[in-house]
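The values are calculated or read from the model by the stated rules, or taken from the named source; none is laboratory data. Please read these numbers as outputs of a predicted model, since none were measured by experiment. FYI the Cβ positions are ideal-geometry reconstructions off the backbone, even for glycines, and counts take in every protein chain you see. When the accessible area is computed, the model is the full protein with side chains, heavy atoms only, and any ligands, DNA or RNA have been set aside. Shrake-Rupley method; radii C 1.70, N 1.55, O 1.52, S 1.80 Å.
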Amino acid sequence: MHILMVEDNESVCEMIEMFFLKEEWEATFAHNGKEGLSLFQENENSYDLVVLDLMLPEMDGITICREIRKQSRTVPVIMLTAKDSESDEVIGLEVGADDYVTKPFSPLTLVARIKSLLRRANVNASDSANAEYEIETEHLKMDRTTREVLLYNQALDNLTPKEFDLLYTLANSPRRVFSREQLLQLVWDYEYFGDERTVDAHIKKLRQKLSENGPQVIQTVWGVGYKFDDTRSID
């Protein structure tokens with residue numbers, strides 16, 4: 001696996017590199033935002049995952065993440081944020097980051113998050129190797145192999161990896177209500193210890209994209225969580 005890590009603290013990069021080497025992961029490091037974005041744009045297919053600091057010289061992580069998503073909707077992105085930057089975490093998730101790790105962090109925590117993202121991607125690929133559409137509801141079709149989504153007979157091709165996984169999880173059990181804690185475990189594959197902002201940020205962005213195709217299919221069940229329901233008729 002080849003990771004692109006954009007982090008201006010060279011000491012942090014040197015420490016992280018040792019942990020990556022233990023996992024037999026190759027890594028390319030960039031120490032300012034413009035350099036990191038250029039590396040990705042020039043070698044998009046070379047990287048299996050991007051680790052992106054929020055605060056960087058020359059170009060901030062939010063801008064870089066937005067530009068990466070214009071070029072690739074599938075490469076996983078983990079954003080590094082300051083401990084007290086709740087609004088930045090939410091914005092990062094809304095522009096396409098799949099996960100975030102707050103500073104200061106243990107290298108083992110970052111390695112665990114990377115493995116979680118990759119494990120989820122591998123499960124999705126292997127489970128759907130021979131299926132045309134794993135999910136077919138009244139108005140939705142989804143295929144995890146091709147990442148194809150048809151909603152109200154219109155292609156929905158601008159979902160990030162986590163938005164796709166979130167929609168898939170909800171739509172796989174129509175009208176079942178999922179709590180935020182359940183979605184954190186099912187979609188992110190590990191405990192967030194009560195940090196529900198991740199789910200809410202992804203739901204908000206996902207709803208915005210879904211609403212472009214027709215009536216909203218993700219419903220809020222107040223005090224409980226969210227459910228998928230596409231049984232509403234369309235004009």
Most mobile of Ser38, Ser179, Ser11 in a GNM of the chain (Cα contacts under 10 Å): Ser11
So how far apart, in nm, are the two label points at Arg232 and Arg119 if each is 7 Å from Cα heading toward Cβ? 3.7
Cβ-based charge dipole, the chain, positive-most Cα from Ile3, Ser38, Gln182: Gln182
For a quick check: with amide H placed at 1.01 Å from N, whose amide H comes under 5 Å from Gln216's, ignoring anything fewer than 5 positions away on the same chain? none
Distance in nm between pseudo-label sites at Ala82 and Ser173 (7 Å out along the Cβ direction from Cα): 3.9
Leu183 - accessible surface, heavy atoms, 1.4 Å probe, Å² rounded to 10: 0
When the solvent-accessible surface of protein heavy atoms is calculated with a 1.4 angstrom probe, in what order do Val101, Val224 fall, highest first? Val224, Val101
With a point put 7 Å past each Cα toward its Cβ, work out how far Ala155 is from Glu23 in nm, to one decimal. 3.3
Here the Cα Rg-to-2.2 N^0.38 Å ratio for the stretch 1-49 is 1.09
Computed, not fitted: 222 nm per-residue ellipticity of the chain from DSSP H runs ≥ 4 (each -39500 (n - 2.57)), nearest 500, equal to -13000 deg cm²/dmol
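Could you sort Lys205, Lys22, Lys115 by accessible area so the largest value comes first, with the probe set to 1.4 Å?
Details: Lys205 60, Lys22 155, Lys115 80 Å².
The ranking, largest first, comes out as Lys22, Lys115, Lys205.
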For the chain, find the longest principal axis of its Cα atoms and tell me its angle to the long axis of helix 197-210, 0 to 90°, nearest 10. 60
Got a sec to turn the phi values of the stretch 10-18 into Karplus ³J(HN,Hα) couplings, 6.51 cos²θ - 1.76 cosθ + 1.60 with θ = phi - 60°, whole Hz, x for Gly and Pro? 5, 5, 4, 4, 5, 5, 5, 4, 4
quick shape note, the chain: Cα extents on principal axes in Å, largest first -> 57, 37, 31
Once the Cα atoms of helix 33-42 and of the chain are each reduced to a long axis, what angle between those two axes, in degrees from 0 to 90 to the nearest 10, is obtained? 60
